Structures are given as structure tokens and as C-alpha cells.
Amino acid sequence: MAILNILQYPDPRLHKVAEPVRQFDASLKRLIADMADTMYDAPGVGLAATQVDVHLRVLVADISDRHDQLMVFVNPEILEGTGESPLEEGCLSVPGVYERVARFEHIRGRAQDADGKFFDFEAGGLLSVCLQHEMDHLQGRVFVDYLSRLKQSRIAAKLRKLQREAG
Ligand code: NI
């Protein structure tokens with residue numbers, strides 16, 4: 001079990017674009033296990049590899065109450081999105097900030113599992129927003145990037161101050 005360091009906004013490494021996974025090997029499985037440990041420890045409902053400074057298209061999610069339904073998405077793609085979600089979202093890289101940004105209510109997509117096997121997925125509600133949020137991370141996009149410039153600079157200043165205070 002390893003708890004990885006989660007990059008904090010406005011760390012520029014959060015804006016790196018992740019590469020597709022091509023090797024479904026032991027190191028990928030270790031990364032997935034460590035990301036799951038890190039997400040549960042935080043705790044959060046989703047985590048993208050970008051947030052732990054690994055720039056590969058991998059994300060984990062678990063929206064269950066008991067934190068016992070881990071979902072793993074490697075090389076995920078959204079094929080179709082419909083509707084507009086009313087949900088607010090937060091991010092382990094942007095602690096204490098909750099905002100609503102434009103997200104599909106329902107998505108349909110395709111991904112690979114830890115062994116490289118393709119699967120189709122459909123999601124609505126919280127899972128849909130979570131997956132769109134995490135897939136944005138893999139594109140180097142943080143949800144605050146959708147907010148006004150003024151809000152972004154306020155959030156960045158607040159978090160820099162918290163990071164200074166934490167040493
Ligand atoms: Ni996030």
C-alpha cells in the first residue's frame with residue numbers, strides 16, 4: 001500500500017497532457033493499486049494519474065457509500081454525451097472549492113481495464129460528472145479552468161497561501 005502525493009492547484013504539472021497506456025504490465029497494476037489507496041485515503045470519489053504526477057491515461061473512481069466498488073478506466077474515451085448535469089464538483093487537487101461547471105448528465109464511452117481488455121460504459125449522475133472531471137485531468141484540465149479569470153486567481157491565491165502555511 002502506498003499513498004501518493006496529490007499535486008495541488010495551481011501546480012503547472014496538473015496541465016500536462018497524459019499519454020495513452022500501451023503496456024499493460026505489473027507497473028501499471030501497481031500504479032492503479034497505489035492510486036486507489038491514495039483516493040480512499042484522501043478520501044475522494046475519483047483520481048486521475050495526472051494528479052499523482054504520472055502522465056498516463058489512467059483513472060480510478062468509486063462513488064459507493066462503502067468505498068468497496070473500485071472502477072478502473074485505462075485510455076477512457078467518451079463516445080456520446082447528453083443532457084446537462086446540475087451537480088457541483090470538487091477536486092482533491094483543489095481542496096475546499098466546490099463549483100458547478102458544464103457537464104453532460106449522461107455519458108457513454110469506452111475504456112480498457114488493467115489487463116487491456118476493452119469495455120463499454122454508461123454513466124449518469126455523480127459517476128458521469130466524476131468521469132468527465134477525471135478525464136479532463138488527463139487532458140491537463142482542472143475544473144477551475146472553466147471558471148472566470150477572477151475566480152481562478154482568487155482560488156490560486158487562497159491555495160498558495162494554504163500551501164505556504166502548511167510549509
Ligand atoms: Ni480533480
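The values are calculated or read from the model by the stated rules, or taken from the named source; none is laboratory data. Computed from a prediction, not measured in an experiment: that's the story for all the values here. Using ideal geometry, Cβ is built from the backbone for each residue, glycine included, and neighbour counts are taken over all protein chains shown. To get the accessible areas, we keep the full protein, side chains included, count just its heavy atoms, and leave off ligands, DNA and RNA. Shrake-Rupley method; radii C 1.70, N 1.55, O 1.52, S 1.80 Å.
Figures for the structure shown
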{"quantity": "Partners for Lys161 among aspartates and glutamates (Cα-Cα distance below 18 Å; same-chain residues under 8 apart left out)", "calculated": "Asp11"}
{"quantity": "Set of aspartates and glutamates with alpha-carbon distance to Lys29 below 12 Å, sequence-local pairs under 8 removed", "calculated": "Asp113, Asp115"}
{"quantity": "MRE, 222 nm, helices only [DSSP H, n ≥ 4, -39500 (n - 2.57), over the chain, to nearest 500]", "calculated": "-9500 deg cm²/dmol"}
{"quantity": "Mean Cα-pair separation over length for segment 12-166, i.e. relative contact order, pairs under 8 Å, 6 or more apart, %", "calculated": "24"}
{"quantity": "Accessible area in square angstrom per residue, segment 12-166, 1.4 angstrom probe", "calculated": "53"}
{"quantity": "Spatial separation of Cα centroids for segment 108-161 and segment 7-60, in angstrom", "calculated": "12"}
{"quantity": "Carbon/sulfur fraction of accessible area - segment 12-166, other protein chains in place, 1.4 Å, %", "calculated": "50"}
{"quantity": "Enclosed volume per residue, in Å³, of the convex hull spanned by Cα atoms of the chain", "calculated": "113"}
{"quantity": "Extension gain, Arg160 back to Phe121 (0.36 nm per residue minus Cα-Cα distance, nm)", "calculated": "10.3 nm"}
{"quantity": "Amide H contacts of Glu19 (H built 1.01 Å from N, under 5 Å, at least 5 apart or other chain)", "calculated": "Leu56, Arg57"}
{"quantity": "Label zone at Asp68, where the point sits 7 Å out along the Cα-to-Cβ direction: segment 104-140 residues whose backbone N lies under 15 Å", "calculated": "none"}
